[in-house]
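What follows is one structure encoded as structure tokens, with my remarks underneath.
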Amino acid sequence: MKKALALILALALILSLCACGSKETTKTDSKEEQTQTNTTDASADTTGAPVEKHIVIQTYTDNGNISPYNMNTNAYPITNNVYEPLWFHSPDWEEMVLATSIDRTDDVLHYVVHLRENVTFSNGNPFNADDVLFSLKEYGESDIGGAVSTLIDYEKTAAKDDYTVDLYMAKFDPYWQKTISGVLIVDKESYDKDSIKTHPIGTGAYILDSYTVGVGAELSANPNYWGGRPDITSFSVKEMDEDTQVTTALETGELDVSYLAPTADLWYLDDMDRFSVYTESISKSNLTLFDQTEGSPFVDLNARLAVCYAIDNDSIISLAYEGLGAKPQSLFSTADPNFKTYHNDYTDIYKSSSSNIDKAKELVKAAGLEGAEITVAVQSTPTYKTEGELIQQNLVAAGFGKVNILAIDNSSFYTALGDSSLWDIAVTGMTCADGTGLHTFQNLHTSIMSYLTFEGEDEFMAKIDAAYAIENDEERQAAMDELTKYIIENALMYNNMDMSYGYVYNTDIEGFKIVAGRQIWVKDWTLNR
């Protein structure tokens, strides 16, 4: 059993976003149309000068690295506004950004991408096809770019001219467009792996004026932005980790937006006239993961199933997440493109939203773990710690002995778990570039938490790759179902609940939305004050 409860400081990694292209041309926007859509004329004072408008956004501490290819998701309010992708492609948001259209050829692996002209980076360098090719390759070679690196045929992909890219896939993937939507475009000429960590250069509506790790950032409108001057001309990002501090700062007017607001105070703040709550249902599961390295008690299927039966999903949703989420119907969130209602027929672990302690006790006994000491690792936020405490109670009731909780700082969580002596069970929320469950499972084991393992892992991952590459829809779904069934029946991970996100914003802000898994564009908001 593992008893060490050490913390390791390091970088936490993330995931990002993917789907298929259209026949002929997909979502064409001319530069004039796009500029008209995205440009909001800031109000002017009596002299005719534009009014400067400023807001303050709270986020939790990031990992000190705001490189678009190696950042913590808490840095999204910065990176999403400095950089831009080629497009957004998700169930709730489809929009061309630095690309204007996609043409599909007769070859299902070949697409022609047309780029927006007359766009410059914040340093004045012109944006063109070379920047796209460089960004796709740099992202693919990064720690978070595994899905892109295996998707694109880099040898064939090339620039036809400054604003046209011949994009070739290395394999068929119905979610390719959504995968690539996670790639933020950087300036090839000035790109430096070290300086980009704190000094980003992008094509977005805002420029980073200052950045202090652990404190926050100041951003102002990019005067040369292709989409025009935003109504909100500057904003601050403040890093606050204590929920009570965040709530107080909102109440006193210090903050205008809480990015992933304190769950415990979400509905209290929503009842105040000055605030509204925006909730986002995404393709993301709150997962229980098992250490299955040699010598771990959770190599035994009975031990893993015991945990699945013991967990009280309803209590986690209501007590830890204040109702912000839904009980699991399957391994995958109901918003997941891979989700099918018949997945919960594979076993009965998703048949009930309450724990089955009697069944869990039988399985703990069968695994020989009665009275055993185990450790549950969670991120150090109040919500995750509460969830850990609830799971702790469930596991003790199921017959485990001492159940420790290891709370690890968000920025070092995934790195810390690389030491398998620290933990037996880990709880985290997870999705992947294309929002599909099988790719999330694969990405966890091969990228974000590559130290995760299970018997037959390499062969199983190859089967996932093969399943996504099947062109026939029915055959592809059948192959995915077979893999999903294996994961569920062998309890290789367990879905505690389908996750949602909650954000608090001042009602002076109009057009507030956060979509596609925490994507935030301040330029789309207007401020009525």
Going residue by residue through segment 300-322, is there one that turns out to be at negative phi, of a type in the set (Ser, Thr, Tyr), in a loop (DSSP other than H, G, I, E, B) and in contact with a Phe, Trp or Tyr (Cβ under 8 Å, 6 or more places away or on another chain)? no
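Residue-by-condition table, conditions (1) in contact with a strand residue (DSSP E or B) (Cβ under 7 Å, 6 or more places away or on another chain); (2) among the polar types (S, T, N, Q):
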| site | (1), (2) |
| --- | --- |
| TYR154 | no, no |
| ALA159 | yes, no |
| THR164 | yes, yes |
| MET169 | yes, no |
| PHE172 | no, no |
| GLN177 | yes, yes |
| LEU184 | yes, no |
| ASP187 | no, no |
| VAL213 | no, no |
Regarding segment 67-87, can at least one residue be identified that is assigned to a strand (DSSP E or B) and open to solvent by less than 20 Å² (accessible area, probe 1.4 Å)? yes
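Name the residues in segment 115-133 that are over 17 Å from TRP176 (Cβ atoms), under 28 Å from the mean Cα position of the chain (by Cα) and open to solvent by less than 50 Å² (accessible area, probe 1.4 Å), would you?
As a first pass, look at segment 115-133 and keep what is over 17 Å from TRP176 (Cβ atoms): 115-131.
Filter once more, so that each one left must be under 28 Å from the mean Cα position of the chain (by Cα): 115-116, 119-122, 127-131.
Across segment 115-133, the qualifying residues are LEU115, ARG116, VAL119, THR120, PHE121, SER122, PHE127, ASN128, ALA129, ASP131.
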Given VAL186, VAL257, VAL237, which one is over 19 Å from PHE512 (Cα atoms), modelled with pLDDT of 95 or more and open to solvent by less than 50 Å² (accessible area, probe 1.4 Å)? VAL186
The correct count of residues that are buried (at least 19 other Cβ atoms within 10 Å of the Cβ) and small (Gly, Ala, Ser) in segment 373-403 is 4
Does any residue of segment 399-414 turn out to be part of a loop (DSSP other than H, G, I, E, B), under 25 Å from the mean Cα position of the chain (by Cα) and of a type in the set (Lys, Arg)? no
Looking at (1) over 30 Å from ARG229 (Cα atoms); (2) at pLDDT 95 or above; (3) within 24 Å of the chain's Cα centre (by Cα), can you tell me which one ILE144 breaks? (2)
Can you tell me which residue is least open to solvent (accessible area, probe 1.4 Å) among those in segment 96-114 that are under 18 Å from LYS171 (Cα atoms) and among the hydroxyl-bearing types (Ser, Thr, Tyr)? TYR111
Can you list residue pairs whose Cβ atoms sit under 7 Å apart, with the first residue in segment 447-465 being under 22 Å from PRO174 (Cα atoms) and the second being open to solvent by 20 Å² or more (accessible area, probe 1.4 Å) and not polar (S, T, N, Q)? Count only pairs 6 or more apart in sequence or on different chains. SER447/ASP143; SER447/GLY146
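The values are calculated or read from the model by the stated rules, or taken from the named source; none is laboratory data. Fair warning: this is a prediction, and the values are worked out from it, not measured in the lab. Positions of Cβ are generated from backbone atoms using ideal geometry, with glycine treated the same way; all protein chains shown enter the neighbour counts. Side chains included, ligands, DNA and RNA excluded: accessible areas come from the protein's heavy atoms. Shrake-Rupley method; radii C 1.70, N 1.55, O 1.52, S 1.80 Å.
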